[in-house]
Structure formats: structure tokens, C-alpha cells
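> Here you go, one structure.
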Amino acid sequence: MLPMPAYVRRGGKPRPRRESDNRGHAARYGAHARGCRGTEGSTGEGVAPAPELESELMAKRILVVDDEPDIRRLVAEALEVSGYDVQTAANGDEAIRAASLYIPDLVLLDIMMPDMDGFTVYERLRARPVDLRSPVIFLTARREINDKLLGFEKGAADYITKPFHIKELLARVKVHLGELTPPKGDIPNPLTDRELEVLGLLAGGKTYKQVARALDLSQSTVRNHLHNVYHKLNVVDRAQAVIVSRENGWI
């Protein structure tokens, strides 16, 4: 297998369509149930699922939504090598259908797509009948601060701009799946209790409005607390603040 570029950029060849691209969450669990029931006429003790199926059922599910085939392929390959079960979608309609059947544990969502942009897709994923509550990370070439603020205010867990380093992407995915839990460090915690409360709620996917309501604060006060966190930790965005704080065991 050829080595994967460290940075993901535009260009490249589309990934050949795989059988797994059409495989839904319900179909996999149906197969698992059939394997556990065994065949007709058996003793009723059931048959344990095959090791590869059991491993697949245990893997976290990630939905990658991007209209660029090269981005979908490279991100999907990186996630699969890391042990995740990956589904891809090329546009908003495919993403909504996939989320309904696949029920991902996390979504990587591009913003600049034809017909339906990422912000609209996000709203559709959160609304009924999909009603998805998993973390959503925006993955896009749009770097404007207003786009980032809009994404966070809608409740997105993170915002990653292209080109990005694949190691950083994987680290942020692990953070938002709750998998990055290294031992507590020895660095003194510079954050106040209120700043930790704000950061912890935002790390859990809450919007500024929801955090303000939960802590009985104004949204401007929430932003001020977060700005203080960035300054104290010498970071530029919420994801970096979460990573640093979790690495040191502060949240």
C-alpha cells in the first residue's frame, strides 16, 4: 500500500466505489443478529459472530461528507487504517440518507458543496427525522472567522481548515470521540473554575447559547471566558484548547 501524504490537499484520483459504501448500520446489525441466532434446527445456543464481524461492530463509525473524491478517499483511508468504520457521502442528500441508516458516532462535514452547503446539511442532520446527536466537525477550505464562529454557534464540535495535517485530524477525531485520554500532566492548571466549566460544556458539543443558559451567563461573557482560555493556553481555537486541557487532565 502506498504511503499517505501527510497533508491533504485538492487534487488526486477518486476512490473506486466499494461495497462498504452501500452498507448501512442496520444491515450490519442485522447480519450480527442472524449470526448470533444461528441456523434453523440448531440447539438454540447461538453462534458467536466471526472475529472480523465482531471487530467491525465494535469500531466507532465515522461519516465523511465532501464533494471532492480525493478528500473523501484520503480521509477515509486514514480513518480506516486507524481502526474506524467509515462511510462516505459526496453531497448533502447522500449525507442525510447515510446518517439515517449508518448512525455515525462522528461526522466530518465539508461546507462548500453544490446544491446544499454544510451549514444546511448540519441543520438537517440535527432536525427530525434524522435527529443525529453525534459530534460534527466541519472540514473545509473556508478560513474566514465569521464562518468559524457560525459553525461553533450552530453547535459544531470543531472546525478544521484545508490543507490540514492528517495527524491533527486524527487527534481531533479522537478527542471528540472521547478516546484521547492520556495520563494527567504535571503542568499547573492556569484556568479558573468558570473557564473550565465553559470549556467543558463547549467540548461536549454545546452551543454558546446553551452554555450561557446552563451557567446563567450572557453569550458575550461565555466568549470572553473562551478568549481568556485561548490566551492562557496560547492556542487559537476551541479544539486546541480542548486537546491541551484533556492532555493535562484539566477537563
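> Can you list the trypsin sites (Lys or Arg not before Pro) in the range 193-233 that are in a DSSP coil and have 16 or fewer other beta carbons within 10 angstrom? Walk me through the intermediate numbers first.
Details: sites: ARG194, LYS206, LYS209, ARG213, ARG223, LYS232; in loops: LYS206.
Filter output for the range 193-233: empty list.
> Would you kindly derive the ³J(HN,Hα) couplings of the range 235-251 from the backbone phi angles with the Karplus curve 6.51 cos²θ - 1.76 cosθ + 1.60 (θ = phi - 60°), listing them in order in whole Hz, with x for Gly and Pro?
Karplus values, whole Hz, x for Gly and Pro: 10, 10, 8, 5, 4, 5, 4, 5, 4, 4, 5, 6, 4, 9, x, 7, 10.
> For the range 54-108 and the range 116-149, write down the distance between their C-alpha centroids in whole Å.
15 Å
> Now for a different question. Between ILE160 and residues 5 or more places away or on another chain, which pairs have amide H atoms under 5 Å apart, with H built 1.01 Å from N, and which residues are they?
PHE138, LEU139, THR140
> Still on this structure, please answer the following. In the range 85-144, what trypsin sites (Lys or Arg not before Pro) fall in a loop by DSSP, with at most 11 other Cβ atoms inside 10 Å?
Passing sites in the range 85-144 are ARG133, ARG143.
> My understanding is that a pair violates if its Cα-Cα distance is over 24 Å; which of LYS174/LYS206; LYS60/LYS148; LYS162/LYS232; LYS162/LYS209 do that in this structure?
LYS60/LYS148; LYS162/LYS232; LYS162/LYS209
> Between GLU153 and ASP115, what is the spin-label point distance in nm, taking each point 7 Å from the Cα along the Cα→C-beta axis?
2.9 nm
> Using only the Cα atoms of the range 102-221, construct the convex hull and provide its projected area averaged over every direction, in square nanometres to one decimal. Provide the component values of the computation, followed by the final result.
Numbers: hull surface 37.5 nm².
Its average projected convex-hull area is 9.4 nm².
> What GluC sites (Glu not before Pro) does the range 94-156 have in DSSP loop regions with at most 12 other beta carbons within 10 Å? Could you put the intermediate results ahead of the total?
Details: sites: GLU94, GLU123, GLU144, GLU153; in loops: GLU144.
For GluC sites (Glu not before Pro) across the range 94-156 that sit outside H, G, I, E and B with at most 12 neighbouring Cβ atoms in 10 Å, the list reads GLU144.
Values in this text are rule-based calculations from the coordinates and carry no lab data. These numbers come from a predicted model, not from an experiment. Note that each Cβ is placed from the backbone with ideal geometry, even for glycine, and that neighbours are counted across all protein chains shown.
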